[in-house]
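**Student:** One structure, as structure tokens, below. Some questions next.
All of the numbers you see were taken from the coordinates with simple rules; none came from a lab. It should be emphasised that the depicted structure is a prediction, and the values quoted were computed from it without experimental measurement. As a convention, Cβ positions derive from the backbone with ideal geometry for all residues, glycine included, and neighbour counts pool all protein chains shown.
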Amino acid sequence: MTTQAIGASLPRVGGEERVTGGLEYVADIRLTNVLHAKLVTIDCARARLISIDKTAAEAVPGVRLVMTADDLPQPMLRFGPQVEDRPVLAVGEVRYHGEPVALVAAETKDAAEEGARLLKVEYEELPAVFTVDAALDPAAPLVQEAAIRRPGDPLADTNKFSEHHYGWGDVEAAESEADLVVEHTYEYPMVTQFAIEPHACQAAPDGDGIMMWATTQHPYQLQKILAKLLDMPLSKVRVFAPDLGGAFGGKQWPHMHPAVAFAALRTGRPVKLVMTLEESFQAVRRTSAKVRYRTGFRSDGTLVFEDVESNFLIGAYADIADRVVTKGNWLAAGPYRVPAVRIIARGILSNTPPATAMRGFGIPETAWPREMNLDEGAIALGIDRLEIRLRNLARQGEEFVPGETPADGDWEQTVRRAAELIDWGQPLAEGRGRGLALGCKSGPTTGISYGTVRFLSDGSAILLSGVSDMGQGARTVYAQIVAHELGVPMEKITVIMGDTGVVPFTQQTSASRSTVLMGNATLGACRDIQHQLQKAAAGLYGVDESEIIVERGVVRLPNRELSLADVLKAALGSLGGEFIGNGVDRKDPTPGHPIKGTAYFYEFNCTAIDVEVDRGTGEVTVLRHITVADTGKSLNPMQVSGQDDGAAIMGLGHSMMEHYIFDEKGRVRNLGAIDYRIPTSKDLPLELISEQIENGDGPGPYGAKGVSEGALLCTAPALGAAVRDATGIAIRDLPLSPERVWRAMRDGK
Amino acid sequence: MSDRFPIELTVNGRHYALEVAVHHTLLDVLRDDLGLTGTKECCVVGECGACTVIIDGRTVNSCLVLAVEADGSEILTVEGLATAGRLSPLQQAFLDTGAAQCGFCIPGQLISAHALLARNPHPTPEDIHEALAGNLCRCAGYEQITEAVLAAAEEVGR
């Protein structure tokens, strides 16, 4: 009954609550005596704060707190995962459109909103920068003053937050071997996660500590940051992370959470902040990028060098964006064998909402230019675009980046399967085009997850996990592992998550790590129980331990078989109790590694797309969209397909319709769902096929690798290639909106 | 601080008489006054569909309807789809096809799909895409949602 759990498309654990409306997300939780919070912002991107007059706001009936920078510990506390640059509330200066200058807490939402509206903020607008070019202008105003940069940062008198140099081989020498050099600059638009659940958090004083309920992928990172800011031991900061209504990387790191915690401590009452969708857009976004690729080819299509200069536009505070820069650019040369590579990658500060993690984590921004250049090389050399990729593609076990994890899958198989599914080589009708692209992302480079399984006296089981379930289905996969290993039916397994007071530490829920790291920890915990019961069985049945085999839910003695649950009951005896198993999986940093750690696994994907382009309107219709991923082993194929379909469609959104629009003052003009469009049920490819290659060659349970980002990595270049194939025109900016495509066709370039 | 007005609502078959602020939306009242938090709040401008409910047989974005406008009406929310603790065929189909991922848009999707099946028991995929076009899903489980609605239609028609 349970032995089929692994690899079966079992229904989602927690699914029923999702279809009845019973699942409580953070905003649904009603704390007694709660105060409602509203943030106050000003209507420009950068300003010097002159004064804040609280009189009118405080006079609103029901308003209990009007908190500004002056009400917080001095000097202003700052925080951030990479650099502690972000203030709890803006102090002295506002650096991006939407940066909160105050928090109003009141008995009702209405009173909080009224108080926020009446807060009088006097400010002087200052010149600001919103693009890579403007920020790099030597005369540009500085987004951050030296005092909040890293101590001794040699770049502190510029808007360059960082500049990373990677590479191998000798690009200068390789130039002479190149028969063709393709050089272009590409832009990736500024887009946002747009989880349908807006960001929210609630904080409540808890004796000499604090509790926080937050829409967070990393409850343990939030705990650590709060503990430091509030000067409390970790044990006094309890973070609850109820299942999220989508996250996509945007709910990893704190932004308004500390302000809400301070408000709760100041008032001595629970405080609830539910951000609007517009505020969520101003809180998190993906890095946008302007990237120049110079690609050298031999006449037979062999790559001889890749020369990359990458400027990622990060926001006014660093958040995790510089990690996006490093991870996205370290693999800028892609899954190919390239003898000489030079990469200069910069994070550029700007007066825009802080960029953070988002599905793909920098890779879509570099896959787009690389794959488009590769197509151009193939076309110029008269080589088939699939063939040129296969010729240069790393084969399994090949160390395609020196010192990095070798190619961990049969990637050629993945590419060939995608080509087969799109009928590569078969002719298309007039006005149609076909494209194919590869994406390769390093999974986690470091990480740790602990898992605890409690095998209860009636044969049911509880798993404790620090991972957040944000729709990826982590709970389901872990329950499947427990079912498989302990022989417990799925319906008798409970997975407890999202409470740092109860579940053991997990570093974070990101980089598609959770099936592997937490999966291995779960497996380890189950094996721990199996081992304990093997010992117990030896005593109970007078058999030597070495003669007992425990496999999945079965204990094999020399002369008979018992279920693990039966041995458990016998071992527990009349007092009852439980067996507790612990597991851990860790990936340590790699000393001297340019990005601090080798890939635990790769997410490898091939996307192939057929389009039809309307020459009159520039509208692109995606006729077929194929995405094939190397998953090692799909523990729950239904969930894997859900992730791949979703990533593919999100990738189409980025590539066809999504982008922030700024006005001349740096205000985002298309905040919210009306003017920032994401794909609906009417924007889908006419046919979408997600397939997985499963060779059991991943480091996770049963050979699994991580999934969920792969199908987004190279959507843009597959689409761009298909549009070029249909129109003969290469477009190097995104999104490929009808207007952009129409203009490109009109201008003939 | 604001004017209040008495209204009567029947929500999921249960009658309520309450006083509401005149500027509060039906969404506010369902979630905050009645504690029916299954209906979700996202864009609050009628674009995302997370707050979809049925008023007297018509689907609406409850963020765009003032509660006082709903006075005297019958309302169905996601909490009213299951009967006597049993999931409706539509809810079951959403589970079976894996349509509910993060789940946040699902109450709205279910309500729109419920209304569709009430007026068109045998929809085509195109009918479903059209009827649910106002319900955004960022997990983009649109294929699975369509599959679920088709499966539920077949189940009910059996």
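**Student:** Local charge sum around A:Leu381 (other residues, Cβ-Cβ under 12 Å, Lys/Arg +1, Asp/Glu -1)?
**Tutor:** Details: positive: A:Arg298, A:Arg385, A:Arg391; negative: A:Asp179, A:Asp300, A:Asp375, A:Glu376, A:Asp384, A:Glu387.
Neighbourhood net charge equals -3.
**Student:** So how far, in whole Å, is the C-alpha centre of region A:565-581 from the one of region A:344-361?
**Tutor:** 52 Å
**Student:** Over 23 Å, how big is the tail of the calculated P(r) for region A:230-354, in percent of all Cα pairs?
**Tutor:** Roughly 53 percent, rounded to a whole number.
**Student:** Tell me the chymotrypsin sites (Phe, Trp or Tyr not before Pro) within region A:400-496 that lie in a loop according to DSSP and have at most 10 other beta-carbon atoms within 10 Å.
**Tutor:** none
**Student:** Using only the Cα atoms of region A:394-537, build the gyration tensor, take square roots of its eigenvalues as a ≥ b ≥ c, and label the shape rounded, prolate or oblate: rounded if a/c is under 1.5, else prolate if a/b is larger than b/c, else oblate.
**Tutor:** Prolate, since a/c reaches 1.5 and a/b exceeds b/c.
**Student:** If you don't mind, another one. How much of the DSSP bridge set in the protein assembly as shown is antiparallel, in percent, rounded to the nearest 5? Could the numbers behind the result be given before it?
**Tutor:** Values: 119 of 150 bridges.
In the protein assembly as shown, DSSP labels about 80 percent of beta bridges as antiparallel.
**Student:** Taking the beta-carbon count within 10 Å as an exposure proxy, list A:Phe505, A:Phe161, A:Phe240 from fewest neighbours to most.
**Tutor:** A:Phe505, A:Phe240, A:Phe161
**Student:** A follow-up question, please. Place a +1 charge on the Cβ of each Lys and Arg in the protein assembly as shown and a -1 charge on the Cβ of each Asp and Glu, then give the dipole magnitude about the Cα centre in debye, rounded to the nearest 20. Before the final figure, lay out each step's value.
**Tutor:** Numbers: 84 positive and 119 negative charges, 258 e Å.
It works out to roughly 1240 debye.
**Student:** Fewest to most neighbouring Cβ within 10 Å: what's the order for A:Thr158, A:Thr445, A:Thr509?
**Tutor:** A:Thr158, A:Thr445, A:Thr509
**Student:** Hey, another quick one. For A:Glu551, what residues show an amide H to amide H distance below 5 Å, using hydrogens built from the backbone and excluding near sequence neighbours?
**Tutor:** A:Arg556
**Student:** Can I ask one more? Once a ≥ b ≥ c are taken as the square roots of the eigenvalues of the Cα gyration tensor of the protein assembly as shown, is the result rounded (a/c under 1.5), prolate (a/b larger than b/c) or oblate (a/b not larger than b/c)?
**Tutor:** It comes out rounded by the Cα gyration axes.
**Student:** Tell me the trypsin sites (Lys or Arg not before Pro) within region A:310-401 that lie in a loop according to DSSP and have at most 14 other beta-carbon atoms within 10 Å.
**Tutor:** Here the sparse-neighbourhood loop sites are A:Arg395.
**Student:** What are the residues whose amide H is under 5 Å from the amide H of A:Gln692, where those residues sit 5 or more places off or on another chain and H is modelled from the backbone?
**Tutor:** A:Ala629
**Student:** In whole Å, what is the distance between the alpha-carbon centres of region B:97-158 and region A:97-152?
**Tutor:** 42 Å
**Student:** Short version: ³J(HN,Hα) in whole Hz for each residue of region A:603-618, in order, from phi by Karplus 6.51 cos²θ - 1.76 cosθ + 1.60 (θ = phi - 60°), x for Gly and Pro, what are they?
**Tutor:** Running phi through 6.51 cos²θ - 1.76 cosθ + 1.60 with θ = phi - 60° gives 9, 10, 9, 10, 10, 10, 9, 10, 10, 10, 10, 7, 5, x, 10, x Hz.
**Student:** Among the GluC sites (Glu not before Pro) in region A:652-716, which ones are in a DSSP loop with at most 13 other Cβ atoms within 10 Å of the Cβ? Mind listing them?
**Tutor:** Sites meeting the loop and neighbour criteria: A:Glu664.
**Student:** Name the lysines eligible as straight-distance cross-link partners of A:Lys120: C-alpha to C-alpha under 30 Å, and not fewer than 8 places from it in the same chain.
**Tutor:** Result set, ordered by chain and number: A:Lys38, A:Lys54, A:Lys109, A:Lys272, A:Lys665.
**Student:** Considering amide H positions built from the backbone, and no H for Pro or chain starts, which residues 5 or more places from A:Gly501, or on another chain, come under 5 Å of its amide H?
**Tutor:** Result for A:Gly501 returns A:Val239.
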